[in-house]
1. Scan region 221-237 for residues that are touching a residue at least 12 places away in the same chain (Cβ under 8 Å), open to solvent by 20 Å² or more (accessible area, probe 1.4 Å) and assigned to a loop (DSSP other than H, G, I, E, B) and jot them down.
2. Looking only at region 27-57, how many residues end up being touching a residue at least 12 places away in the same chain (Cβ under 8 Å) and closer than 25 Å to residue 241 by Cα?
3. Would you pick out the residues in region 183-205 that are surrounded by 24 or more Cβ atoms within 10 Å (Cβ to Cβ) and farther than 26 Å from residue 150 by Cβ?
4. Report, by residue number, each residue of region 125-151 that is open to solvent by 20 Å² or more (accessible area, probe 1.4 Å), in contact with a Leu (Cβ under 9 Å, 6 or more places away or on another chain) and not aliphatic (A, V, I, L, M).
5. Report, by residue number, each residue of region 64-114 that is β-branched (Val, Ile, Thr) and in contact with a helix residue (DSSP H, G or I) (Cβ under 8 Å, 6 or more places away or on another chain).
Amino acid sequence: MFVDSHAHIDGEEFDRDRDAVIQRARDAGVSAILNIGTGDPHSGVLERALELAESHEGMYTAIGTHPHDARLFDDAAEKLILNLITQSSRIIAWGEIGLDFHYDNSPREVQIKVFRRQLQLAREANLPVVIHTREAEVETAEILKSDSHGLPGIMHCFSSSGRLAQQAIDLGFYISFSGIVTFKKAEELRTIAKQVPLNRLLIETDCPFLAPVPFRGKRNEPAYVVEVARCLAELHEKTVEEMGQITSENFANIFNLKLGE
Ligand SMILES: [Zn+2]
Ligand SMILES: [Zn+2]
């Protein structure tokens, strides 16, 4: 049993064969997928992600505004998100939120403000958060430390330093690894992954990008999360099935879910 803790399969990359992709995930033993709707919150992306979750067994959604789109987050977006949350139990997380100083698609001060605001809203809504952070380690750590107040969360597609991993773990967060950890040059990341306690590990694809070895360069999809589990299993001297079980249980714990029923 495996869980893909972070996927983007509501997008147009999967319009042609979405159902086949979901079926392949099931055939590979992926029992749950957390899909994240991202983009302009006023464009219908959030509704689309929710509809996808509602119409498939084992599919969940996170809802929120990505740091790329922070400049588009306003009162109307906030109201829309809060309203959607009341409509469906398939919305299990607030995200992805955070800071991306690599692309700087939104001004940094806006990203910081919107990140803080969404952390507060997530706390009020009692939803764990999904954190995206890139080239903004110090700021991310500071904000999580001052604003998360015990709120559980996931550091998704983790590719930062061991220091940030430890800070997040100390705050009660889970560390989710993507296909990056399987890349040949990711020795340092594998060293970090080896040090993350088993009860804080998660696996994800972050598809359609970042396909793990041996699918690197192809369109990524949830079935390939098994390859991430295989890599972590080797590092922690477990079987791939054991790692699937461990990461699935962690996912169920953070979201209070009963999987595989
Ligand atoms: Zn992300
Ligand atoms: Zn994402």
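1. Result: 236, single match.
2. Number satisfying all stated conditions: 10.
3. 205 - this is the single residue of region 183-205 that is surrounded by 24 or more Cβ atoms within 10 Å (Cβ to Cβ) and farther than 26 Å from residue 150 by Cβ.
4. 126, 132, 133, 134, 135, 137, 139, 145, 147, 149, 150
5. Across region 64-114, the qualifying residues are 65, 81, 85, 91, 92, 97, 110, 112, 114.
The values are calculated or read from the model by the stated rules, or taken from the named source; none is laboratory data. Keep in mind it's a predicted model, so treat the numbers as computed, not measured. Note: ideal-geometry Cβ built from the backbone for every residue, glycine included; neighbour counts use all protein chains shown. Heads up: the accessible areas ignore ligands, DNA and RNA and are worked out on the full protein's heavy atoms, side chains in. Shrake-Rupley method; radii C 1.70, N 1.55, O 1.52, S 1.80 Å.
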